[in-house]
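The values are calculated or read from the model by the stated rules, or taken from the named source; none is laboratory data. Not measured: the values here are computed from a predicted model. Here the Cβ positions follow ideal geometry from the backbone for every residue, glycine too, while neighbour counts run over all protein chains shown. With ligands, DNA and RNA removed, areas are computed over all heavy atoms of the protein, side chains included. Shrake-Rupley method; radii C 1.70, N 1.55, O 1.52, S 1.80 Å.
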Amino acid sequence: MAEGEPLIVLDRVNKHFGPLHVLQDVSLSIDRGEVVVVIGPSGSGKSTLCRTINRLEPINSGTITFDGQELPAEGRALARLRSDVGMVFQSFNLFAHKTILENVTLGPIKVRKEKPAEARERAMALLDRVGIANQADKYPAMLSGGQQQRAAIARALAMRPKAMLFDEPTSALDPEMVGEVLDVMTSLAAEGMTMVVVTHEMGFARHAANRVVFMADGQLVEQAAPAEFFANPTSDRAKDFLSKIL
Ligand code: ADP
Ligand code: MG
């Protein structure tokens, strides 16, 4: 794929849940290494947008292209493309009955067919990178929320994703643990990872994002560089939203 081509392109994507038109002609192009923060009121379609990017949700019309290939609706090709996109959820979603190390090695061994010894070595390096190598042999319930979320990030990175999606990764955390997770995300961004981040952490948006996308009622209402967006939101809905959260 040409280096200059965007990594992710959504072109007039529509998604309905029954009568609800959750994504309305959403077009969005994300460059390699770009960090896009998605903000907007609850129910505006942010999670659905993330889930459609790696086709956890089927779409009704439009196209999604990832790394130059249009995403198929299903099948093996989809599974392969999906594993190129790491996803981190609000609720950690670690396997409760597996150790932290096993959580991180499972995908590489089962899906990527890596040798167990190599997978373990890489997993330990990733756990070290997110600051929890000393928790490797514990079970998720023994860790704090911040540690569990960092484990979830390490698990996603173990699949060598080309992009990472974060859906409100710090919303379920106690306030004192938000920073440690955002720090890991900030360093990932600095290393050039392509990231789509749904968050209410406006500090992260200001400092780590290349672009802020504001969603409301299933539409991308407005997008701009963070400094410009926060200083001069143009739509009434973005102004209203910012006045409530800042
Ligand atoms: P956000 O993440 O911005 O809060 P969501 O993408 O979760 O918004 O939801 C957008 C809209 O779609 C909401 O009205 C929500 O209730 C609805 N919705 C989300 N998932 C489903 C589903 N699986 N079935 C029916 N409606 C859904
Ligand atoms: Mg959501």
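Some points to look at:
- Selection status of GLU191, among the acidic types (Asp, Glu), open to solvent by 20 Å² or more (accessible area, probe 1.4 Å), away from ligand 2 (no atom under 16 Å from the Cβ) and within 17 Å of the chain's Cα centre (by Cα): yes
- Cβ pairs under 8 Å, 6+ apart, first in the stretch 15-27 and under 14 Å from LEU49 (Cβ atoms) and open to solvent by less than 70 Å² (accessible area, probe 1.4 Å), second of a type in the set (S, T, N, Q) and within 16 Å of ligand 2 (Cβ to nearest atom): LYS15/THR48; LYS15/THR52; VAL22/THR48; LEU23/THR48; LEU23/THR52; GLN24/GLN219; VAL26/GLN219
- Test: residue in the stretch 172-185 that is touching a Phe, Trp or Tyr at 6+ places or on another chain (Cβ under 7 Å), open to solvent by 20 Å² or more (accessible area, probe 1.4 Å), more than 16 Å from ligand 1 (Cβ to nearest atom) and modelled with pLDDT of 95 or more: yes
- Cβ-Cβ under 6 Å pairs, at least 6 apart or on other chains, the stretch 45-56 side more than 9 Å from ligand 2 (Cβ to nearest atom), far side in a helix (DSSP H, G or I): ASN54/ARG82; ARG55/LEU78
- None of VAL212, VAL221, VAL197 is crowded, with 21+ Cβ neighbours inside 10 Å and farther than 23 Å from ARG129 by Cβ except VAL212.
- Residues of the stretch 28-58 classified as crowded, with 16+ Cβ neighbours inside 10 Å, more than 8 Å from ligand 1 (Cβ to nearest atom) and at pLDDT below 95, total: 4
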